[in-house]
Amino acid sequence: MRSQPAPPHVVFGKLTDPTGDPVRPWLVLMDDEHAPTVLEASEPHSLVWSSLWPKRPDARIRFDLTSDNAGGSRVRWTLLVTEPMPDPSLLGHLRKRLNVLIHANLRFTFGQ
C-alpha cells in the first residue's frame with residue numbers, strides 16, 4: 001500500500017479510464033501488454049482490472065482505495081493469478097510493472 005496525492009474518487013476515475021487523459025498519459029504499455037478492462041467496480045473504494053498480459057490472461061489486479069485523511073489516497077494493488085503460479089522471474093516482472101504504472105506513472109500525473 002502506498003499513497004497518492006489525489007483523493008480516492010480522482011484515483012478511482014484514473015483507474016477506471018486509464019487511457020482517458022491524452023495530456024497526461026500514464027498507462028504506457030510494453031509490447032507484451034494490452035490495456036485492461038474494468039471487471040468490477042465499487043466507486044470510489046475498489047475495482048478489478050483484467051490482465052495486462054496476454055501470456056497470463058488469468059491474472060487480475062484488484063485495487064483498494066482509502067482516504068489518507070489529508071486529502072490524498074492510500075492505494076493497495078493485489079495481483080491475483082490462478083495455478084500454476086508464475087515462475088519467480090515472471091512474478092517479479094509483473095510486480096515491478098504494476099509498481100511502475102501505479103506508484104510512478106500514475107503518481108506523476110498528479111504532479112509528484
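Key figures
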read-out	value
Amide proton proximity set for S67, modelled H, under 5 Å, gap of 5+	R74
Chain lengthening between R24 and L91 when straightened (0.36 nm per residue, less Cα-Cα)	21.3 nm
Accessible area per residue, Å², the chain with all protein chains present, probe 1.4 Å	54
Percent RCO, i.e. relative contact order, over the chain, from Cα pairs under 8 Å lying at least 6 residues apart	30
Placed amide H near A6: partners under 5 Å, 5+ positions off or other chain	S73
Cβ-based charge dipole, the chain, positive-most Cα from I61, A41, V11	V11
Region 27-112 - percent of accessible surface contributed by carbon and sulfur, probe 1.4 Å	53
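The values are calculated or read from the model by the stated rules, or taken from the named source; none is laboratory data. Keep in mind the model is a prediction, meaning the values are calculated, not measured. Cβ: placed from backbone, ideal geometry, glycine included. Neighbour counts: every protein chain shown. Only protein heavy atoms, including side chains, enter the accessible area calculation; ligands, DNA and RNA are left aside. Shrake-Rupley method; radii C 1.70, N 1.55, O 1.52, S 1.80 Å.
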